[in-house]
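The values are calculated or read from the model by the stated rules, or taken from the named source; none is laboratory data. Just so you know, these numbers come straight off a predicted model, no measurement behind them. Because the Cβ atoms are built from the backbone with ideal geometry, glycine has one as well, and the counts that use them run over all protein chains shown.
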Amino acid sequence: MDRLISLEPSNIVTVRIEAGRRCCGSVTLRNVMHTMPVAFQIQPVDKTRYAVVPSSGIIPPLSTFRIEITYHLPPNSSLPESFPHSDDLFVLQSVVTPCATFKTPSATRDSVPSEWFTNKKKQVYSDTGIRIMFVGASILARLVAEGYMDEMREVLENSDPEWRAADSVDSHGKSLLHLAIAQRRPDLVQLLLEFQADTEACGESASSPVEAAAALGEALIVELLLAHKASTERSVSSTFGPIHLAAGNGHIDVLNHLLCKGADVNALTKDGNSALHIAVGQQRWDAVRILLANSAKADTKNASGDTPLHLASSFGNEQMVKLLLCKGAVKDVRNKKGKTAYDLAAEKGHAKLFDALRLGDKLCAAARKGELRTVNRLLEDGACINGRDQNSWTALHRAAFKGRIEVARALIEEGIDVNGRDEDGYSALHCAAESGHSDVIELLVRKGADVYARTNKGATALQIAEKLNYSQIIQILKTGSTQNFVSSVEGNGGREMDVRLIHKKIRRSVGSHRRSFDRSEPLAVV
């Protein structure tokens, strides 16, 4: 910098490049002399690219003078040849002019004779310190596309704060945030957020930055945006919200971030699908499990009236169908065409789903009603004999609880698991003991039912019968215990053991069962 004039705020002149507007910037010159006016002249080295207005003038002592520099873009180009810094030079000349007088402390725009700057008798100061920095949306968009972090920071720092450079859009209407996200660059996103980029700006892309990041599975970028208060909900112009995009694409980390930040697990897309619909439709097993674990509704209908169960059945996904049923999906819901999930599975020939969607329930219902012919027909049609209804009961549980001994006998002959247990640990023997059906108890014991089996709360069938004072059942179970014990001993080579010792051990075993039985044990409700 010369000794007569300083540049404010610095020697860098920012020129904003924008389509459809004049590309210009300004710089302020300050006369540092306390008593003398100073004349200046500024000229670009390449006069075809720049125009300076005014190019010369006189500045009173300690006063300032603002000049404007206009840049002419090359033909058919939207960007300078080099950016953001230009290699173009400007020559600033200054000279003291003691003969000039001023009534007010303002600079003059009068032309200054060029001889003043060539007069060898005067001390003329020259400076080439003025530098051009190009700023603007097109500059920033190109820097983001090329991933130049340091240059981006310089442009953002030197841009007019009122312009909000971080919210610029490129020629296609995409925001800088969207461009950085498309580059999968969390560092660029962080930089833009540092300069208060709008986290909700959609521009012409129609999707919010969070939606764009969720679609790409960029968990770190999503986390950054959410930390800066970005919304987790679907933007007005978008078809899909962040949670739908994360679920549909199987981006589990993103999905977890969104749910932790309070995203509505049952939010709908513009066309009425929930995230669960989309995850099921895209066969995203992990996403389905996470959504259901976070209270996603299993029976939400979309615009076609289909529930997630309809979609899973149509695809023939047995694992997903069973998971949805386990989480409370209702089988008999009909879509707008009047079809259930079973109907769709049948249309597509997904026979492996028939039991879970209809035959299993029908088998349990027929067993409960004692309809032996229906039971046999359903088994012939492919019903799974050990299939369970939505209460996790098998057909044998149902038959035992209702005392349908003929059905129970037929099911056992067909190979049903006589010791199958429900979610609470109840076997068919427990059910028969609870409902007081001694003939079924006798059949089950004779067919190998485990009389020592305990519920999850520790109760045996004998203890249930004792609590309800079913004397005949108590006797059968005690006899069954003896037979089982003897069989066990004989199987282990103890045929010659004293029978009295056997009975003594049986009494001791039954006594221990009584002592461990909780008298407040609630009965199963069917």
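For this structure, a couple of remarks:
- Pick from the stretch 169-219, criterion polar (S, T, N, Q) and closer than 16 Å to Gly147 by Cα, ranking: farthest from the chain's Cα centre (by Cα): Ser175
- When each of Val407, Val445 is tested for being in contact with a Gly (Cβ under 6 Å, 6 or more places away or on another chain), assigned to a helix (DSSP H, G or I) and outside the structural domain of Ser471 (by TED's automatic domain parsing), the lone residue that passes is Val407.
- Count - residues of the stretch 116-141 that are small (Gly, Ala, Ser), part of a loop (DSSP other than H, G, I, E, B) and at pLDDT 85 or above: 1
- Scanning the stretch 24-36 for residues that are closer than 16 Å to Ala137 by Cβ and surrounded by 18 or more Cβ atoms within 10 Å (Cβ to Cβ) yields one hit, Gly25.
- Among (1) part of a helix (DSSP H, G or I); (2) farther than 27 Å from Asp286 by Cα; (3) in contact with a Gly (Cβ under 9 Å, 6 or more places away or on another chain); (4) among the aliphatic types (A, V, I, L, M) - the single one Ala345 does not satisfy: (2)
- Exactly one residue out of Gly370, Gly382 is at pLDDT below 85 and surrounded by fewer than 18 Cβ atoms within 10 Å (Cβ to Cβ): that is Gly382.
- Taking each residue of the stretch 219-245 that is closer than 12 Å to Ser274 by Cα and looking for partners that are basic (Lys, Arg) and buried (at least 23 other Cβ atoms within 10 Å of the Cβ) with beta-carbon atoms closer than 8 Å, six or more apart or interchain, yields Phe240/Arg234; Gly241/Arg234; Pro242/Arg234; His244/Arg234.
- Search result, residues across the stretch 452-466 that are surrounded by fewer than 24 Cβ atoms within 10 Å (Cβ to Cβ) and under 24 Å from Gly415 (Cα atoms): Tyr452, Ala453, Arg454, Thr455
- Residue check, Leu309 in contact with a Pro (Cβ under 7 Å, 6 or more places away or on another chain) and not hydroxyl-bearing (Ser, Thr, Tyr): no
- Those strands (runs of 3 or more DSSP E) of the stretch 1-57 in which at least 3 residues are more than 58 Å from the chain's Cα centre (by Cα), considering only elements entirely within it, cover 38-44.
- Options Lys327, Lys336; residue that is among the basic types (Lys, Arg) and either closer than 22 Å to Val288 by Cβ or without any contact (Cβ under 8 Å) to a residue 24 or more places away in the chain (or both): Lys327
- Across the stretch 368-404, the qualifying residues are those that are basic (Lys, Arg) and in a loop (DSSP other than H, G, I, E, B), and the one among them that is farthest from Glu434 (Cα to Cα) is Arg388.
- Here is the figure for the stretch 264-276: residues that are part of a loop (DSSP other than H, G, I, E, B) and either surrounded by fewer than 24 Cβ atoms within 10 Å (Cβ to Cβ) or among the hydroxyl-bearing types (Ser, Thr, Tyr) (or both) total 8.
- Against the test of being out of contact with any Asp or Glu (no Cβ under 9 Å at 6 or more places or on another chain), under 27 Å from Thr455 (Cβ atoms) and at pLDDT 90 or above, the options Lys297, Lys348, Lys402 yield a single qualifying residue, Lys402.
- Some residue of the stretch 159-173 being buried (at least 20 other Cβ atoms within 10 Å of the Cβ) and in contact with a Pro (Cβ under 8 Å, 6 or more places away or on another chain): no
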